[in-house]
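A quick write-up on the structure given underneath.
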Amino acid sequence: MASMLSSRDVSGFKFLFFIAIMYAIISLLVHSVLHMKFIKPLSIDAPLDRFSEARAIHHVAVLTKDGRQEGRPGLRKAAVYIKEQLEMLKERAESNIRVEVEETTINGSFNMIFLGHSISFAYRDHINIVARISSADLQETDPSVLINGHFDGPLGSPGAGDCGSCVASMLELARVTVESGWIPPRPLIFLFNGAEELFMLGSHGFMKTHKWRDSIGASINVEASGTAGPDLVCQSGPGSWPSEVYAESAVYPMAHSAAQDIFPLIPGDTDYRIFSQDHGNIPSLDIIFLLGGYYYHTSYDTLDKLLASSDAFECTHTRPGSLQARGDNLLSILKAFTNSSKLQSARERESKAVTSDYKDERAVFFDYLSWFLIFYSRRVAVVLHSIPIIIFFVMPFLLHFWDSRSRSCFAIFYDFVKGMLFHAAGIMLAIIFPIILSILQLFISNYALIWFAHPYLAFLMFIPCSLVGLLIPRTVWDCFPLSQDVSVIKKSEEALAEEARFWGAFGFYACLTSAYLVAGLSGGFLTFSVSASMLPAWIFYSLSIKSSDHQSLRSAVFYVIPLIPCLAYSVYFGGFLTQFVIEKMGMMGTVPPPYGYYVPDVVVAATVGVVTGWCVGPLIPVCSHWLARFSILQLLLHVSVLALALSSQFFPYSNAAPKRVVFQHTLVTTDVNRIVDSSYEFSVVDSNSLLFLFKYAPEVAKELHIGQELSFETANMSHRETWMGIFPVSLLFSQSLKFPARSDGILKRYRYFPHLSNYKPHTVSIDKSRRVYLEFYLGDLKEVWVAVLNITGPLSSWSFADNMLPAPETVDGGPPSYILRLSGNSQRNWTFWLEASSSDYLRVEVAVVDQVIDDEAKRLKGLFPEWADVIAYSSFMSSYIF
């Protein structure tokens, strides 16, 4: 084999080996950073003035003993535990520090756009636990700092990560504040809110009713979309001050302003929105655990998973450190906020003119491997991020004068543009080739998401073919002659071509940086760092060429070395992004066929392609001379094909990366004690459909009497309105199936079911509008999570949300609907009125989600394999006309 390779091929393979070793070392470093291997967690007997992960874990263990969902007794137990812990701190506090603890009951109603849909909320009797820690001589009106976390859990989940870890961190922070001897110069408010999973009701209730709300000068929302990993600042604002404070104070900075560009694309929201946008305009930080998303909102979000690794590579290994990093960061940030001269109460912010800091909405900030954080304002970014494009346009003139005017400026610029187009083509091919391979993989395999439980398969399949895409333009470069006349220039054609390729690639990244800037986005530092790093690399390379008088592997290495810090950051950010995308593909919802089957695989392939282009792209202008060899391209393609063949031996799910299944027992009722229909509804939230699920869960298929001939054409499909109880999350579903079910178990458990009726005669006003007075009875259901009303007809007003209607929703071409979610104490009836603008009837569809399922449904749920996480509940549906 060696005799078949030319000397340039051998040199190319040597250089490929060098590059592979370099990226492997960088990847190991990045892996250790992302998984907090460099952080030593403190034990339970750590000094009292230090945050201890072990002490926080003890709180998580207590909080996860019982389900903390609205309607379940575990939620009340959690509130009691939190209050007891705070009351004990109050008793231990010195005389010079004041600790105030309150349990508040919140009620309210408002309209909100959530997941792009207009919804109205009415809630009652939700519980918040609030603690205020301050110097004994401070006043209630003094500007304060709020830290918020929610103790309620998502439906069907123990909620260790989301958000038991947040509450535990806050309890430990409160303890450190009281017992360390540090007296906050400004009050600290700890808000343990009990209704975030019901769409941010706890924070809304606090901001609308609590006496301390107007004193808040800054807020920190602590959240979890996973179980561990970087505790990332995903949102910051209004203004640049919150991120500036974070940049100056974080012990382990983990923040990317580019996350603010991406966050709106993710289906979800946090309490940050309530504090900083909808109801407070408070300068805020949104800090979120993002990795370990396999367990997010599943029954696997348990204490052991919180302590385990957050990726599928190490799912069985203990990996502490994430909570320690979070705690150390939050303590330092709280101290910085309370010491800041910019901390202002709501009244002070309103009375003073808004400063330029608060206008600066898009500051740029990013951490480097959690070692330090770079922060600069929007004004600085405008200047700094404009430099690369200026250099690109000025360089042809400089080269013109540098070479004694023997070269045409325009010819140089044309060659630069050619280099830019070739580099852009390489980046595009680096994305397209993995997409093609992902589609091919779907054609030859039995299922999608083959990489979901095995992320390394995505890297093995897509990186080599992405590299092929990057290198292909170099192989055809010589087919397009240079614009410059080589005969009158004292440089070789190869040197001029290399110069054009380098400055073309530089111009490509400079243009992307400028595009970010013009679009007002905050991610321009990603491409700016690349273009800025390429300049010293080119200088080192040019000096090496001059010293040796020819191009060699040594000169290529000299080009690579100055790029290593930039490449390390690219691998850090790109690896994090890819792992995050892979984890989220299991819960992003399903797109209707035929294209929906391909979407997740194409998205992951494209993400790997983009990341590969970003991580390797800066090397291509110089290093492609050694790497764009047919033998190397052939090897890379062989690796991709081998990984493709290997992937067919893997199953896409495991108990460390479960498939999400929604199991609803639908009971259609009439009157108050009669069930007219009972069925089991199933749906999934990824691209492997229910046909896949029942094929690989044969015991479930057998129980439901599903034969091998099952297809969506012949099966009984579940209608979208059947899932109204979990609207708008239900819009993530497609191709749900329905199976007949018995109702005996429910009839034995409950005597009365939800019912809506008139409690007094309707009235008609002078303008002919008709007001209907209704009473909503929830029966004797035990664990009501939420009730959803879908109202159609000539509705003109109601008694909710200050008599303001939300924007009407139209689903699947149906009539305009007004969606109302009711939550809170189910022991009391709801009374309200609806007003119709005409004599036409109002139609009200009701769905009540109860977390209790009967024994038969429990047995069916237990038949699912371990790789399927099943969220099961009962939905009581009824329909009324008034």
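Things to note:
- Of the helices (runs of 4 or more DSSP H) entirely within the stretch 231-346, those holding at least 1 residues that are of a type outside the set (Lys, Arg), under 22 Å from PHE573 (Cα atoms) and at pLDDT 95 or above occupy 241-249, 322-339.
- Filter result for ALA448 (touching an Asp or Glu at 6+ places or on another chain (Cβ under 8 Å) and under 30 Å from ALA868 (Cα atoms)): yes
- Scope the stretch 156-185; condition hydrophobic (A, V, I, L, M, F, W, C) and either within 20 Å of LEU42 (Cα to Cα) or at pLDDT 95 or above (or both); matching residues: ALA160, CYS166, VAL167, ALA168, MET170, LEU171, LEU173, ALA174, VAL176, VAL178, TRP182
- Screening VAL486 with (1) more than 41 Å from the chain's Cα centre (by Cα); (2) under 27 Å from SER27 (Cβ atoms); (3) β-branched (Val, Ile, Thr) gives one miss only, at (2).
- Screening the candidates HIS665, HIS705 for the property of being more than 20 Å from TYR598 (Cα to Cα), modelled with pLDDT of 95 or more and either of a type outside the set (Lys, Arg) or crowded, with 20+ Cβ neighbours inside 10 Å (or both) yields one hit, HIS665.
- Criterion: in the same structural domain as VAL846 (by TED's automatic domain parsing), surrounded by 14 or more Cβ atoms within 10 Å (Cβ to Cβ), over 21 Å from ASN107 (Cα atoms) and out of contact with any Gly (no Cβ under 8 Å at 6 or more places or on another chain) - qualifying residue of ILE791, ILE819: ILE791
- Checking the stretch 683-691 against the condition returns no match, with no residue being free of Cβ contacts under 8 Å to residues at least 40 places away in the same chain and among the polar types (S, T, N, Q).
- Under the condition of being surrounded by 19 or more Cβ atoms within 10 Å (Cβ to Cβ), more than 24 Å from the chain's Cα centre (by Cα) and closer than 14 Å to GLU53 by Cβ, the residues counted in the stretch 17-41 number 1.
- Here the stretch 183-220 is the region considered, the condition is being part of a strand (DSSP E or B) and small (Gly, Ala, Ser), and the residue that is farthest from the chain's Cα centre (by Cα) is GLY217.
- For the stretch 583-598, a residue qualifies if it is touching a residue at least 60 places away in the same chain (Cβ under 8 Å) and more than 18 Å from the chain's Cα centre (by Cα), and the qualifying residues are VAL591, PRO592, PRO593, GLY596, TYR597, TYR598.
- For the stretch 566-610, taking the residues that are hydrophobic (A, V, I, L, M, F, W, C) and assigned to a loop (DSSP other than H, G, I, E, B), the one that is surrounded by the fewest Cβ atoms within 10 Å (Cβ to Cβ) is identified as VAL591.
- Taken over the stretch 176-231, residues that are closer than 30 Å to VAL30 by Cα and hydrophobic (A, V, I, L, M, F, W, C) amount to 4.
- Members of the stretch 387-419 found to be crowded, with 22+ Cβ neighbours inside 10 Å and more than 14 Å from LEU482 (Cβ to Cβ), listed by number: PRO388, PHE392
- The single condition among (1) out of contact with any helix residue (DSSP H, G or I) (no Cβ under 8 Å at 6 or more places or on another chain); (2) assigned by TED's automatic domain parsing to the domain that holds GLY327 that ILE57 does not meet is (1).
- The stretch 29-74 - residue that is assigned to a loop (DSSP other than H, G, I, E, B), among the acidic types (Asp, Glu) and in contact (Cβ under 8 Å) with a residue 24 or more places away in the chain and, of those, farthest from ALA174 (Cα to Cα): GLU70
- Among the residues of the stretch 658-668, those that are over 16 Å from PHE692 (Cα atoms) and not β-branched (Val, Ile, Thr) comprise GLN664, HIS665, LEU667.
- Number of the condition not met by ASP485 [criteria: (1) under 30 Å from VAL603 (Cα atoms); (2) surrounded by fewer than 20 Cβ atoms within 10 Å (Cβ to Cβ)]: (1)
The values are calculated or read from the model by the stated rules, or taken from the named source; none is laboratory data. If you're wondering where the values come from, they're calculated on a predicted model, not measured in any experiment. Note that each Cβ is placed from the backbone with ideal geometry, even for glycine, and that neighbours are counted across all protein chains shown.
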